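The values are calculated or read from the model by the stated rules, or taken from the named source; none is laboratory data. Predicted, not measured: the structure shown is a model, and the values here were computed from it. When we count neighbours, we look across all protein chains shown, and the Cβ atoms used for this are built from the backbone with ideal geometry, even at glycine. When the accessible area is computed, the model is the full protein with side chains, heavy atoms only, and any ligands, DNA or RNA have been set aside. Shrake-Rupley method; radii C 1.70, N 1.55, O 1.52, S 1.80 Å.
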Amino acid sequence: MRAVLRPFALHAAYTPIETIVFFSIIGTLAYFHILSAIKHSAFLSPTYVAPTLRPAHALYKHGEWVGVGGSRWFRAKNEEGKVGVEVQQVIVSLDKVADKEAIPDSITLATSPLDASTANFTHHLTHSFLSASGRRYTSLCHRPSASLNLSRSSHHAPCFTQTQTTSRTLTQTLTFAPGSRDEFIHALTKKFTVEGTEHGRVFFDESGTRFEVDTGKAGEDIGQMKSATWVAYAARTLVVRFWDLAKKANSLDILLILLGYLLMHTTFILLFTRSRRLGSNFWLPLAILSSAILALLVALPIAMSLRIPIDPVALTEALPFLVCTVGFDKPLRLARAVFTHPHLTTPISTNGQSKLKPAPKIITESLTAVYPPIIRDYGLEIAVLVVGANSKVGGLREVCALAALILGVDCLLLCTYLAAILGVMIEVRRIKTVRALTARSRSPSGSSASAKRPSVALPTPTLRQRISSALLGEKGSGLPGYVAGAHVVGTPITSAFKVTSSSSVGSALEDTKEKEKEGKQENPVARLKLLLIASFLTLHILNLITPLTPTRYSSAHSAVVSPHGGVVGARRVDITSPAILSVLDSLAEASGVDLGLGDEDEQEVVGDELDDELFVKVSPPIYIHVSPPAPVLAAARAAAAQVQAQDAAPKRLTTSEMVESFMTSWTRLVGDPILSKWIVVFLAISISLNGYLLKGIAAGLGVPGAGRTSAMKGGVRFEGGHAAEEEKEKVSEKGGLVRDVKIHAAPAPRYSSPAPVVHRAKAPSPVPAVVPTFTLDDVDRKLKASKLALAKAKASVPSPPSSSSDSNDSSEDRQLEGVRSLEECIDVFENGPRPLSASLALLNDEEVILLAQNGKIAAYALEKVLGPNELERAVRIRRALISRSSITQSLESSDIPLVNYDYSRVIGACCENVVGYIPLPFGIAGPLNVDGTLYPVPMATAEGTLVASTSRGCKALNAGGGVTTVLTQDAMTRGPAIDFPSIVNAAEAKAWTDSEEGYAIMKESFESTSRFAKLQSLKTAMAGRTLFVRFATATGDAMGMNMISKGTEKALETMQKYFPEMVVLALSGNYCTDKKPSAINWIEGRGKSVVAEAVIPGKIVKTVLKTTVESLCNLNTKKNLVGSAMAGSIGGFNAHASNILTAIFLATGQDPAQNVVSSNCMTLMEPINGGEDLLMTVSMPSIEVGTVGGGTVLAPQQAVLEMLGIKGAHPTHPGQNAQALARLIAAAVMAGELSLMSALAAGHLIRAHMAHNRSQTNTPAASLPTTPGPQTDPIAGQLASSSASRLPTSLAHLTPSSSTASLPPYTEKS
């Protein structure tokens, strides 16, 4: 063994860094291997418990049910006189199963119509449902009377079924003849694939109640998940699994496992304290722990390759056993040998030269000294564990095999990985010792002074040091040359690096050897651990304790091996549970078997020969999820939300209620038998610890005047007798002082001197004189005089107006502290602490403004230099800079809001040079029924009557059944311009792009840039030798301009490989077309193309809209179609589609500039049903919206999207949220169009605007001071007094149309 490990130990000692890196890489690879095994483990798959169960088999014997093996049941079902029954439970539940949405608790199976629906479903299951062969349950069921060969005919004997109901579940128990269950259950649990997703069988009834057979799949399989979300699923499943197992565990096993974990933590504490004795509080225990963890990581893949079963439950329970088995005594023994080596910090003299022994030599000598006992202990422990691994005890066998592997790997790592780390620690400790001696030699009381004195006076340890020494032991107490209280690690205080003589070295070596001999003669820790391991194995083998055996969590003694080497113990159905036991008892009674009270002859069992034995096979239950009808579900959720809102209201409890609640909770807590004992233990520890601490504090403060002395040394100043008494009352237990004087000056005295305070109304303050020396009393006196001067100044001179964005006391703070000179501010800026934001934190706002005005800080970079935690301050300072450099200088004190805004969402995403935000009025129109769902219509607008008008349109549309929408296209476009040397080259590129080969190459390159970008088409056009290519692609829930631009750029790079002579003039060649009116968007579409339709009854047109169907249709034709055509409009065949669209854009965080393209709309109206009703359609081919990116990252806009239920990306169908927003916009545009056209037809438009949009109180006054503007020529700028004067006088009277004949006359209102 020594010959095998010696080369590795030598290599590690002389190449420590390479060894550490090598094992770090090995550990990383092992970690990923283990992670992959965990990910593919069936134990952590996100499935609920039922599908992981295995069938259980039972025999009714002596009045009770006894579990039997599966082979016994298979033999018995074919024997004469043996009755075999297959039991299957079908659980119809309203509770949440797998990934189904939770049903409110207020809905039960007794709620109408669920009661009738559930009864119909169970009747259908037992009487009408057909199996794969076309047989019903009545043809496959178990009939008790027929099984016992009684007089009743098997055809007329009833099937045995039993129903158990609770408020939210119904358990239907079915029984089958042997071999008949699979045929029926396979038909019931058959899976169907819809749109690529597997679903279970679904049943509906007339009321709309939905019954879906749960297939046991809770979503995507963890092994197939590519994102990091599988970790969350696995963690949740792990917690659920262990909670289920803990509920079924015995109390003794839980206590044993708890005791094991306490011992494990005790082992960690001992590691820390022993490492502290060797002079290391952190690095040595960390190195030993990392070595142990690395051993576990390396051993697990080896165990998987050796097909050693690893059960997650057993591994978790065995973790304390593994930690205590591996232990840390052997690494600590090696570390002790290294750090107590006589030549660790003591040079040796060879050939007249003094030099330190190399660290690798110290490591090899230490390994040689401690190697025999360590290898002996490893060998004995591994031998005992091998015995346990060869035992027949399930669970223990696997744990012992794994522990033996870990010990073997730990032995290798001890001689390599840990030895390398210890070599590095030797060098670090030597460097620290050299620095300490160098610092001591440079001090006035250095080595020369200490050499004259026979001893060194040690400093008095503080209270903290005494407490840590008492609890954790003295640091370095296990090292040679330790002096109590000196707190110097690794070397004697005065003799470090002193050249040793041969006699001193020899004596040191002899002492070391004697200690090693003592350790070899008696090692109680190793013997005790070996004894504990042997005792633990013996108790398991004798079955006296069973925390590691799988019987608690699996009734089978065999484990199921996963495809990836992991082993998961699958549990059988628990036949002892009340729900199943009651069914089995009823089955036994119905089968004519006495429940233990009949003739003794019927209960006697002789070998395997038993007449009329009843064998059953209980299969795992099948879950069927019930979904109530939509109206019932919606009403229940609304009621639940109302109750939740009422419960959320703060309730003020009286004092007596609070006391009663506390006492009730405390009584429940202390009533637990285990917690009560722990409370007593912790209370006793707390009392003893507090007494010890109070005694130590009293001892530390027992000197009279000690608190006052320490306070005076801390720099406390007193302003007089009364003030001194107040300050004394604030002295804390440690002698400190709580100061309540607010000082706003920069805390770094080396950057600035105290400046005299000058009032802002006076001339700029001069540069303060430099004070050579001053005391704290001088500062107090000057501050007091400054406050008095300011108070007098405030009484006589009015204070200047302060900015609304500043705090109330910001102006007073600036006056108190003053503004430092430019030179001082530059000194702080350039020489202050880093990062730069820390220096600027020492300056107030005025001083930062001074730096910016002098070019030291760019106004656009304020957020960068001030740091992410000072974004609002950056906006405030930029606002002041811009305001003071403008003509009006009104921005700083304007009503533009500044505070209470999350600028972190804006910076780098939405806006630059931010000086505030502009709030817009936000209203809700509707609700509007769109495709069967009611949506509120969010609108941010400053136009009066717009929201009210849209609401009127919504009311009319809802009365007709709502709006139906269709999405005809979803493709954002980008059209780059590409130049070629000639039209021939351009034509060749156009032909290649239009070909299937070129399109496939461009599509592959384009879609490689994003998993959401899906290229749909390429449209090309030539203009001379310039080729325009219009890329159209789906962009998921994002509006998609950045996404498609990135994909287009990548596709053009690929295209250039085939046409190297091409030159990309612009990524956007206006062939898209973006934010400009164009015919191609109107014809081809851009973004989401939506068509909406609605039917408005004629009665609603007359009563709500106050007009007629004929008038609306005539006006729409003349205005929206003929009028727009006369104007040469492109996509403007509507009344005011951009009004509603832009308001929704602003409310939901869309790009307002894209209303140019998005507002393309054609409104059509036609009479139907003999002219009685109105059919209205709205076609919008280019709605450019998204729910991800852009302005949707802002909190208010996100809140609006969340209100609509379309915030962010759709979790399962990318793009569905953005499409839903486009559908809502088209429907809202229809409501606005209908209301405005009705107002025009009825002549109500102007009167509505005069009443709602011309409020005198809202008319803005002239700005003060007046903003300069260009002068207007009074004659040239004069408006015509009357339009009638310009009309020809010879025009004939017009014949009124049907749309204007019924308009009421205008009346003049004052």
Exercise for review: Give me Rg over Rh for the stretch 923-966, both radii from the alpha carbons and Rh done the Kirkwood way, two decimal places.
Suggested key: 1.00
Review point. Using a 1.4 angstrom probe with every protein chain in place, what is the largest-first accessible-area order of 26, 580?
Key: 26, 580
Practice item. At 7 Å along the Cα-to-beta-carbon direction for both residue 261 and residue 1168, put a label point, then send me their distance in nm to one decimal. Key: 6.7
Review point. Leaving out ligands, DNA and RNA but keeping every protein chain, what accessible area does residue 199 have, in Å² rounded to the nearest 10, with a 1.4 Å probe?
Key: 70
Point to revise | For the stretch 976-983, Karplus couplings with θ = phi - 60° (6.51, -1.76, 1.60), whole Hz, Gly/Pro x | key: x, 10, 10, 9, 10, x, 8, 5
Check your understanding: Can you give the extra length, in nm with one decimal, that the chain gains between residue 432 and residue 376 once fully stretched, where that is 0.36 nm per residue apart less the Cα-Cα distance?
Key -> 16.6 nm
Point to revise | Dimensionless Rg ratio for the stretch 857-948, taking C-alpha atoms and the 2.2 N^0.38 Å reference | key: 1.49
Revision key, fill the gap. Residues whose modelled amide H sits under 5 Å from the amide H of residue 1087, counting only those 5 or more places away in sequence or on another chain, are 971, 972, 973
Review point. Near the amide H of residue 54, under 5 Å away, which other amide H atoms are found, from residues 5 or more places off or on another chain, if H is placed in the peptide plane?
Key: 571, 572, 573
Practice item. List the pair-distance distribution P(r) of the stretch 1104-1167, using every Cα-Cα distance, as the percent of pairs falling in each 5 Å bin from 0 up to the bin containing the longest distance, rounded to whole percents. Key: 4, 17, 22, 18, 16, 13, 8, 2
Revision key, fill the gap. So the carbon and sulfur contribution to the accessible area of the stretch 956-1097, 1.4 Å probe, in percent, is 53
Exercise for review: Quick one: pull the percentage of alpha-carbon pairs in the stretch 255-397 with a separation above 24 Å.
Suggested key: 45
Practice item. Scan around residue 280 for amide H atoms under 5 Å from its own, H built in the peptide plane at 1.01 Å from N, and keep only partners 5 or more places away or cross-chain. Key: 476
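Ordering 1022, 1162 by accessible area with a probe of 1.4 Å, largest first, what comes out?
Final ranking, largest accessible area leading: 1022, 1162.
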Point to revise | For residue 899, solvent-accessible area (1.4 Å; no DNA, RNA or ligand), Å² | key: 50
Study note, to complete from the structure: If the chain between residue 1004 and residue 933 were fully extended at 0.36 nm per residue, the gain over the current Cα-Cα distance would be 21.7 nm
Review point. What percentage of the solvent-accessible surface of the stretch 852-918, computed with a 1.4 Å probe over protein heavy atoms, is contributed by carbon and sulfur atoms?
Key: 49
Practice item. Roll a 1.4 Å probe over the protein chains and send me the accessible area per residue for the stretch 1088-1151 in Å². Key: 38
**Study point:** 27 Å Cα cut-off, lysine pairs counted over the stretch 1029-1149 (separation 8 or more, or different chains)
**Key:** 19
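Order the following by accessible area, largest value first: 1210, 343. Probe radius 1.4 Å; ligands, DNA and RNA are ignored.
Result, largest first: 1210, 343.
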Check your understanding: Just the Cα atoms of the stretch 996-1094, one point each, no solvent: what log10 I(q)/I(0) does Debye give at q = 0.16, 0.18, 0.22 Å⁻¹?
Key -> -0.72, -0.91, -1.31
Practice item. Return, ordered by residue number, the residues of the stretch 352-380 whose backbone nitrogen is under 15 Å from a label point located 7 Å along Cα→Cβ of residue 4. Key: 375-380
**Study point:** the stretch 875-882 - phi-based ³J(HN,Hα) in whole Hz, Karplus 6.51/-1.76/1.60, Gly and Pro as x
**Key:** 5, 5, 5, 4, 4, 5, 4, 5
